[in-house]
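J.: Dropping a structure here in structure tokens format, bear with me for questions.
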Amino acid sequence: MTDVLTQPRPIRLKGRSFLALSLTPELPFEDWLARLDDLARRSAGFFLRRPVILDVEGLDIDRQQLRDLVGELSVRNVRVMGLEGARFALLGPDLPPAMTDGRPAADIEAPVSDQADRSQHVEAVAPSSPPPTQAPAPQASVMPSMVVNRPVRSGQSIFFPEGDVTIVGSVASGAEIVAGGSIHVYGPLRGRAMAGTTGNASARIFCRKLEAELIAIDGFYKTADDLEPDLRGKPVQIWLDGETIKAATLG
Amino acid sequence: MGKVIVVTSGKGGVGKTTSSAALGAALAQSGDRVVVVDFDVGLRNLDLVMGAERRVVYDLVNVIQGEAKLTQALIRDKRVETLYLLPASQTRDKDNLTPEGVEQVIAALKNAFDWVICDSPAGIERGATLAMRHADVAIVVTNPEVSSVRDSDRIIGLLDSKTLKAENGERVEKHLLLTRYDAARAERGDMLKVDDVLEILSIPLLGIIPESMDVLRASNVGAPVTLADGRCAPSLAYFEATRRLKGENLPVTIPGDKRSFLGKIFGRKAA
């Protein structure tokens, strides 16, 4: 028991983003399914291993129609992992869960020609056996960043899983910064800062004045109590070394 | 066209109502036409602090629901004739405040008065958000202690996002009013210092009201402190804040300190 207390191993809370293929069915479903069949015929396995979201926003259908559609899709080996824009009345325990807060990404190229594309497609899918690499790969080349030019007030949350967040100002107690990349605070950091939330262990946290309530990198966290007291109020950078959070003064 | 001021704080008991009444009375004594509106529907107090509790017939909710005219609900102060009160209802709750109703009442008051002071309820729910909705100027009342400062920070965030001005891409002018300040305790470290609060909230300072028995005494006799005793320390601080609100640039007096801190405190404008 004492062993557990002296060496706490917190549960890792990680975020991960995947690029999902969003299908927008149109009424009547027979016609739409026929077009889908046509697309699938051009490239067998196009939907294989792809997370698929069904966007039913604005569709005037009832739950039974939706259930039939999901059934028709699964017959075609299209497994729907979530519903977007579904009214509450449409949802049910036997249907995929509702998804919210989706952000648009670049269009996924539909297969055009038959043979040529098939070889290309196999190449593209086969080597990427661990699925997560599919989504972050294009992001790694152009890492977007977000700059906030005002103080982040208590109760406000800056959520930016795509990349780095820079705050020119303070982060108040009770405020929260969540970034996929690193976090830079040009002011006192008094709230929570969570960097590298999409599985980026090389993300760091920088601040002018460390008074944070909680800091986390790639799911490993430390509360204010666990931070070395002599770092408080100093300009500090925080990084991850293996599974330990390290911190040191800057400059 | 009058200016709409919201007196807000997030936290309860920091002195919103006392400050609304004191500032209202101070502005009115300078000859401006002032109305103080109590938004704390269900827990009305402003009428007591202003000594009008025995003259309330109609209230804000009656006006919003069309049961009374605005002129019927307004109560004129007996001591300063340019000071009016629009009381809240004690029997209803805040769900009776509708955005459209509040908008109409505020628009009508703006036409008739130089200053419309909205005394916000504590919290960040409907009553508080409706009170700040139409504000041109916000006075954030804060005590020098950590929980009050954090709640004020939260309110400043809401002022920057939930007000009509913020939604139109403009900014609500925000001022910090530090109340119940005790110089001796701040010096001993029992209380946050002025600089600490300013550093955390980073909005300009409107005034520092010292902790004083005079404020309590004034509330108990049903008079805004600036009317009850115009020469006591908190009254002087409220009068000073009023002049600053009207655009004068004068140094903030820090209670317990004879020197003025023009360069150090005032003019520190961030955010």
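J.: Give me the pairs, please: first residue somewhere in region B:33-62 and more than 17 Å from B:Ser20 (Cα to Cα), second residue anywhere and assigned to a helix (DSSP H, G or I) and hydrophobic (A, V, I, L, M, F, W, C), beta-carbon distance under 8 Å, and either six or more positions apart or on two chains.
T.: What qualifies is B:Val57/B:Ala73; B:Tyr58/B:Ala73; B:Asp59/B:Ala73; B:Asn62/B:Ala73.
J.: Can you tell me how many residues within region B:203-226 are within 14 Å of another protein chain (Cβ to nearest Cβ) and touching a Pro at 6+ places or on another chain (Cβ under 9 Å)?
T.: 0
J.: If you go through region B:59-81 one residue at a time, do you hit one that is under 16 Å from the mean Cα position of the chain (by Cα) and open to solvent by 10 Å² or more (accessible area, probe 1.4 Å)?
T.: So far as region B:59-81 goes, no, none of its residues is under 16 Å from the mean Cα position of the chain (by Cα) and open to solvent by 10 Å² or more (accessible area, probe 1.4 Å).
J.: Here are the criteria: (1) touching a residue at least 60 places away in the same chain (Cβ under 8 Å); (2) of a type in the set (Gly, Ala, Ser); (3) surrounded by 16 or more Cβ atoms within 10 Å (Cβ to Cβ); (4) within 13 Å of another protein chain (Cβ to nearest Cβ). Tell me which single one B:Ser147 does not satisfy.
T.: It fails just one condition, (3).
J.: Contact list please: Cβ distance under 6 Å, first residue in region B:190-202 and more than 11 Å from every other protein chain (Cβ to nearest Cβ), second residue part of a helix (DSSP H, G or I) and open to solvent by 40 Å² or more (accessible area, probe 1.4 Å), pairs at least six apart or on different chains.
T.: Between residues of region B:190-202 that are more than 11 Å from every other protein chain (Cβ to nearest Cβ) and residues that are part of a helix (DSSP H, G or I) and open to solvent by 40 Å² or more (accessible area, probe 1.4 Å), the close pairs are B:Met191/B:Arg185.
J.: Ok, one more. Restricting to region B:63-73, name every residue that is out of contact with any strand residue (DSSP E or B) (no Cβ under 9 Å at 6 or more places or on another chain) and in a helix (DSSP H, G or I).
T.: Of everything in region B:63-73, those that are out of contact with any strand residue (DSSP E or B) (no Cβ under 9 Å at 6 or more places or on another chain) and in a helix (DSSP H, G or I) turn out to be B:Ile64, B:Thr71, B:Gln72.
J.: Kindly check whether there is at least one residue in region A:214-231 that is within 14 Å of another protein chain (Cβ to nearest Cβ) and within 24 Å of B:Asp153 (Cα to Cα).
T.: yes
J.: Considering only residues that are assigned to a loop (DSSP other than H, G, I, E, B), over 20 Å from B:Lys94 (Cα atoms) and β-branched (Val, Ile, Thr), which ones fall in region B:10-62?
T.: If the condition is that a residue be assigned to a loop (DSSP other than H, G, I, E, B), over 20 Å from B:Lys94 (Cα atoms) and β-branched (Val, Ile, Thr), then B:Val14 is the only one that fits.
J.: Do the conditions hold for A:Gly163, that is, is it more than 14 Å from chain B (Cβ to nearest Cβ), in contact with a helix residue (DSSP H, G or I) (Cβ under 9 Å, 6 or more places away or on another chain) and at pLDDT below 95?
T.: yes
J.: Got a number for residues in region A:68-80 being surrounded by 15 or more Cβ atoms within 10 Å (Cβ to Cβ) and within 13 Å of A:Pro25 (Cβ to Cβ)?
T.: Within region A:68-80, residues that are surrounded by 15 or more Cβ atoms within 10 Å (Cβ to Cβ) and within 13 Å of A:Pro25 (Cβ to Cβ) number 6.
J.: Which of (1) open to solvent by less than 20 Å² (accessible area, probe 1.4 Å); (2) of a type outside the set (Val, Ile, Thr); (3) on the phi < 0 side of the Ramachandran plot; (4) free of Cβ contacts under 8 Å to residues at least 60 places away in the same chain is the odd one out, the single condition A:Gly180 does not satisfy?
T.: Among (1) open to solvent by less than 20 Å² (accessible area, probe 1.4 Å); (2) of a type outside the set (Val, Ile, Thr); (3) on the phi < 0 side of the Ramachandran plot; (4) free of Cβ contacts under 8 Å to residues at least 60 places away in the same chain, A:Gly180 violates only (4).
J.: Closer than 18 Å to B:Leu236 by Cβ and more than 18 Å from the chain's Cα centre (by Cα): which single residue out of B:Val194, B:Val221, B:Val225, B:Val215 fits that description?
T.: Of the residues listed, the single one that is closer than 18 Å to B:Leu236 by Cβ and more than 18 Å from the chain's Cα centre (by Cα) is B:Val194.
J.: I would also like to ask the following. When only residues in region B:220-234 that are small (Gly, Ala, Ser) and either part of a loop (DSSP other than H, G, I, E, B) or touching an Asp or Glu at 6+ places or on another chain (Cβ under 6 Å) (or both) count, which is farthest from B:Ser20 (Cα to Cα)?
T.: Only one residue tops the list, namely B:Gly230.
The values are calculated or read from the model by the stated rules, or taken from the named source; none is laboratory data. Since this is a predicted model, take the numbers as computed values, not measurements. Positions of Cβ are backbone-derived with ideal geometry, glycine not excepted, and every protein chain shown enters the neighbour counts. Surface accessibility is based on the protein's heavy atoms, side chains included, excluding ligands, DNA and RNA. Shrake-Rupley method; radii C 1.70, N 1.55, O 1.52, S 1.80 Å.
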